[in-house]
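The structure appears right after this line, and notes come after that.
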Amino acid sequence: MMRPILLAALGCLLGWQAQAATRIKDIISVQGVRANQLVGYGLVIGLNGTGDTLRNSPFTQQSLQSMLDRMGINVRNANARTRNVAAVIVTADLPAFAGKGARIDITVSSLGDATSLAGGSLILTPLIGADNQIYAVGQGPLAVAGFASGGKAETLTQGVPTTGRIPNGALVEREAPGRLTDEKALVLELRNPDFNTAVNVADAINAHTVTRYGVKVARENDLRTITVNRPFFINSTRLLADIGELAVETDVPARVVIDERTGTIVIGKDVQISTVAVAHGNLTVRVTESARVSQPLPFSKGETTVAPETTIIADQKGGNFAIVRGTNLQTLVAGLNRIGRQAPCRRIWWCNDDGPEAARDLAT
């Protein structure tokens, strides 16, 4: 079914509106100051019969045996059939400048055929970075939003029960390399690249630093980055805190975003509309499969056969065609809202293995 198109001027999805005063800290990020992604492999225990089947998930059985071996328990020749354990992948983001002892959130996702991680606890899991160094270790009870419940004939699932989170579940053991004070020149990167915005940010920084420090420190490089040369008598942290509160006027280009899956169109405030012709309507197609029995003639040598038969019903509503005149978004939306609806038309096709047999229009 084709969903109706929804028009909305959601400027917050496209960035700040033009000529809006915004703090520099809200529209930029410092190049090189970023989080680092961590990943690890571990086991979740304590599940209520919803874990991996060890026969279908051999890696879970091997991990369980290795863990018990390290604890001095030999289960190599045992045929374990427990379903209270699940193999999982653990992911986390290590924030910039996170020191030893800091806690971060982690996400736990099932790797085998477990049906739910609800009620389980993650055992000690090392989290490594891209350089294969351990930066954190995770452990703790999972918080799972979804659930799965069922019987022999029906199951009910809400959300994703095989993924959970552990707030503050990882402890940082190693700091990521790099220090902000090591940088002589800071590069500011715009989250919404634009030439006018980059120039406005550089001008605002220079106007402030000339008044306060007596020197210009900023230079725009392109539509995305601005270089700030740090004066020797001030550190990077204090400089970024100082210029981050400066207000600048941001400029966002006219933009239209279309989501084909949901049929939603988001249009920015500055989009200019010329005279257009608009056709609007809904189309619903229903396909029904059935069987048709073919009997041979009396006293003949034919055989009774069953042939598939398909019924396709196409229901089209609306289908209006209108001219919309205007130069701005408000005029376009008002024009579309005034478009009425006509009587729908329904067309039905009967199809079997020999091809289409009939088609007709039904007034509704």
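Among the residues of the stretch 200-228, those identified as more than 34 Å from the chain's Cα centre (by Cα) and surrounded by 14 or more Cβ atoms within 10 Å (Cβ to Cβ) are D203, A204, I205, N206, H208, T209, Y213, K216, V217, A218, R219.
Could you list all residues from the stretch 203-224 that are among the aliphatic types (A, V, I, L, M) and under 14 Å from D242 (Cα atoms)?
A204, I205, A207, V210, V217, A218
When the criteria are applied in full, A322 fails the requirement of being exposed (fewer than 13 other Cβ atoms within 10 Å of the Cβ), modelled with pLDDT under 70, of a type in the set (G, A, S) and in a strand (DSSP E or B). Scanning the stretch 171-213 for residues that are of a type in the set (G, A, S) and part of a helix (DSSP H, G or I) yields A198, A202, A204, A207. Applying the criterion of being in contact with a strand residue (DSSP E or B) (Cβ under 9 Å, 6 or more places away or on another chain) and in a loop (DSSP other than H, G, I, E, B) to the residues of the stretch 80-89, the residue that is surrounded by the most Cβ atoms within 10 Å (Cβ to Cβ) is V85.
Among the residues examined, I27 qualifies as in contact (Cβ under 8 Å) with a residue 12 or more places away in the chain, surrounded by 14 or more Cβ atoms within 10 Å (Cβ to Cβ) and either outside the structural domain of Q139 (by TED's automatic domain parsing) or of a type in the set (D, E, K, R) (or both). Here the stretch 158-199 is the region considered, the condition is being within 26 Å of the chain's Cα centre (by Cα) and of a type in the set (V, I, T), and the residue that is farthest from G119 (Cα to Cα) is V160. Filtering the stretch 108-121 for residues that are at pLDDT 90 or above and touching a helix residue (DSSP H, G or I) at 6+ places or on another chain (Cβ under 6 Å) leaves an empty set.
The set of residues in the stretch 34-45 that are in contact with a Leu (Cβ under 9 Å, 6 or more places away or on another chain) and surrounded by fewer than 17 Cβ atoms within 10 Å (Cβ to Cβ) comprises A35, Q37, V39, Y41, I45.
Hey, can you tell me all the residues within the stretch 31-41 that are at pLDDT below 90 and either closer than 28 Å to G138 by Cβ or within 22 Å of the chain's Cα centre (by Cα) (or both)?
The answer is G32, V33, R34, A35.
Within the stretch 298-319, the only residue that satisfies the criterion of being at pLDDT 70 or above and basic (K, R) is K301.
Okay, residues lined up against (1) assigned to a loop (DSSP other than H, G, I, E, B); (2) surrounded by fewer than 20 Cβ atoms within 10 Å (Cβ to Cβ); (3) not hydroxyl-bearing (S, T, Y):
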residue	(1), (2), (3)
L54	yes, no, yes
T60	no, no, no
M67	no, yes, yes
T91	no, yes, no
A98	yes, yes, yes
D105	no, yes, yes
V108	no, no, yes
D113	yes, yes, yes
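The values are calculated or read from the model by the stated rules, or taken from the named source; none is laboratory data. Quick caveat: nothing in here was measured; it's all calculated off a predicted structure. We place every Cβ from the backbone using ideal geometry, glycine too, and count neighbours over all the protein chains shown.
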